[in-house]
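A short reminder: the numbers here are calculations on the coordinates, not readings from a lab. As the structure is a computational prediction, the values presented were derived from the model and not from experiment. With ideal geometry, Cβ positions are generated from the backbone for all residues, glycine too; neighbour counts draw on all protein chains shown.
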Amino acid sequence: MKMKFIFFKFIIIFSVLFSETVKSKENNDSLCFKNSLKLDLMPLYNTFFDTRIQIRAGIEYERKINFKSFLSGYLDIGIYDKYVFRKYYDFFNENGGMYFVDQDVAINGFHMIPGYNYFIFQSKRKTNQGLFLGGNIDFNFYRKELKFYNSQTSEKYSQKYNQSKLALGLSLGWKLDLNYRFFIELQTSMFAVVLKNTSAENVKAIRPIISQWNDPKYNYWWVSNIKICYAFR
């Protein structure tokens with residue numbers, strides 16, 4: 001009985017593997033295209049339409065492991081914020097005269113997000129289309145530079161500091177095939193900080209600027225992505 005059980009189990013496993021092999025030969029979007037490059041449209045949207053000055057890009061590389069799972073490596077890099085804040089004082093003071101204080105701020109950095117992804121629902125006809133879950137790590141680094149100037153006293157100084165964080169997250173995504181090589185990917189992710197470091201004390205924390213939502217202390221954030229993707233061998 002034990003040998004029969006092992007034999008039938010072997011037959012079932014072999015049948016599943018064989019059927020997957022047949023599918024791979026019948027589909028153009030099978031493992032013959034193991035690699036994909038993706039362009040995230042959200043950083044481009046922020047670059048052109050956000051009220052902040054941003055010059056950034058989001059790109060991703062994907063590598064298939066098998067029909068059900070794939071690895072991904074995402075990079076969002078560039079200038080995240082740049083502005084000059086000017087505040088006037090003693091506007092109606094006839095003796096001392098009006099003066100202003102300038103704060104020139106620039107923030108640049110990157111988010112590096114590797115991940116493992118697994119299809120929980122997959123099209124029977126197209127193996128690169130369906131709903132998937134992912135586990136991700138977000139390592140991000142920001143560098144902030146502040147230049148201060150007081151027109152009354154001619155006082156000026158600059159301040160620079162770095163902030164780095166390591167966060168873990170879960171994501172939910174959907175892939176939609178367009179044709180032989182191109183597809184669209186929609187993904188939404190939630191992250192929680194596990195490690196953080198700032199190079200200076202008593203400075204203002206930098207929020208995760210790629211996020212569409214974050215908590216007041218910047219320990220949690222939510223990010224959504226819209227990607228145009230190209231598959232190749």
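With a 10 Å radius around each residue's Cβ, average the other Cβ atoms per peptide and rank 162-175, 57-70, 188-201, highest first. Show your work: numbers first, answer last.
Details: 162-175: 18.1, 57-70: 16.5, 188-201: 14.6.
In decreasing order of mean packing, 162-175, 57-70, 188-201 become 162-175, 57-70, 188-201.
Radius of gyration (Cα atoms) of region 123-188, expressed as a multiple of 2.2 N^0.38 Å: 2.11.
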